[in-house]
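As structure tokens, the structure follows; a few thoughts come after it.
The values are calculated or read from the model by the stated rules, or taken from the named source; none is laboratory data. What you see is a predicted model, and the numbers here were worked out from it, not measured in a lab. Every residue, glycine among them, receives a Cβ derived from its backbone with ideal geometry; neighbour counts consider all protein chains shown.
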Amino acid sequence: MAFDYKKEYKEFYMPKNTPSIVTVPSMNYIAVRGHGDPNPEDSEYKQAMQVLRRALAIQFKAFIDSDKEDAADIVAMTYQQLLEEPEQEPSSFHHISSLYPDDTVYIKPDHKRSYSGFMYEKLTVTWKFSNLGTQTWCGRKLYLSNHDEIRPRAENNYIEIPETPPKTGVEISVVIELRPFEGRTTCHWIMVDSGDNDCYPGSRMFDIDIDVKFKRKNSYR
């Protein structure tokens, strides 16, 4: 059943005949940002809402299944995972787990996951994400875990993440050199702590896809 704020909180939404000061308590909201007409069936808004409903259902299941009084806030990470794997069945879905309690990361919408370039070029790859948990990130890094299996070479296989308190954003970059091999490659980056432990086991949210192309010289007649 839908919760109607206007009916439940009439003192806030239904103004009285005479002016008065109203103290509104803090409330939690979920916002879906986007653009365009939200009414068509295939609109970005309706697609986003469908994914959000699934993420919330998985969060509620986590509350029910938890043997503790509360459960980790996984809505943001689950929402992003579902956007990347929209066809996955709920029964086979496994939400991203975290090594530390209440440790949540949110990849910002303008984060670029796919890059392309020509052989021998150098690309600057950038990650934009936020700490939405309660843990302050100290001594953490992004680590290219499959660096010995892929052709592109990162300037550094470890990228330092500055100390990041909760509700704070981060932007870090690395230069990647494209070797003389055509094709698409997935660079599997993971966030590790000071002891090189994977902070989000099984997650691929920091992965970067690179499509390397052969640069053909101009032909002359």
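Taking the conditions exactly as written (part of a strand (DSSP E or B), in the same structural domain as Phe118 (by TED's automatic domain parsing) and either under 29 Å from Thr104 (Cα atoms) or not polar (S, T, N, Q) (or both)), does Ile190 satisfy them or not? Steps first, answer last, please.
Numbers: part of a strand (DSSP E or B): yes; in the same structural domain as Phe118 (by TED's automatic domain parsing): yes; either under 29 Å from Thr104 (Cα atoms) or not polar (S, T, N, Q) (or both): yes.
For Ile190, the condition - part of a strand (DSSP E or B), in the same structural domain as Phe118 (by TED's automatic domain parsing) and either under 29 Å from Thr104 (Cα atoms) or not polar (S, T, N, Q) (or both) - is met.
Given the options Arg216, Arg113, Arg221, name the one that is surrounded by 13 or more Cβ atoms within 10 Å (Cβ to Cβ) and either out of contact with any strand residue (DSSP E or B) (no Cβ under 6 Å at 6 or more places or on another chain) or at pLDDT below 95 (or both). Before you say what the answer is, go through the steps one by one.
Working: Arg216 fails: surrounded by 13 or more Cβ atoms within 10 Å (Cβ to Cβ); Arg221 fails: surrounded by 13 or more Cβ atoms within 10 Å (Cβ to Cβ).
Only one candidate qualifies: Arg113.
Could you say which residue among Ser97, Ser20 is surrounded by fewer than 16 Cβ atoms within 10 Å (Cβ to Cβ), of a type in the set (Ser, Thr, Tyr) and either in contact with a helix residue (DSSP H, G or I) (Cβ under 6 Å, 6 or more places away or on another chain) or at pLDDT below 80 (or both)?
It is Ser97.
Pick out the one residue from Gly169, Gly202 that is within 14 Å of Trp137 (Cα to Cα) and either among the basic types (Lys, Arg) or modelled with pLDDT under 95 (or both).
That would be Gly169, the only listed residue that is within 14 Å of Trp137 (Cα to Cα) and either among the basic types (Lys, Arg) or modelled with pLDDT under 95 (or both).
Select, from Ile176, Ile208, the only residue that is in contact with a Cys (Cβ under 6 Å, 6 or more places away or on another chain), touching a residue at least 40 places away in the same chain (Cβ under 8 Å), over 21 Å from Val75 (Cβ atoms) and of a type outside the set (Asp, Glu). Before the answer, list the steps.
Working: Ile176 fails: in contact with a Cys (Cβ under 6 Å, 6 or more places away or on another chain).
After ruling out the rest, the residue left standing is Ile208.
With (1) more than 13 Å from Asp193 (Cα to Cα); (2) assigned to a loop (DSSP other than H, G, I, E, B) as the list, and Pro162 as the residue in question, which single condition is left unmet?
(1)
Given the criteria more than 15 Å from Tyr106 (Cα to Cα), touching a residue at least 12 places away in the same chain (Cβ under 8 Å) and in the same structural domain as Ser116 (by TED's automatic domain parsing), does Tyr158 qualify?
On the way: more than 15 Å from Tyr106 (Cα to Cα): yes; touching a residue at least 12 places away in the same chain (Cβ under 8 Å): yes; in the same structural domain as Ser116 (by TED's automatic domain parsing): yes.
Yes.
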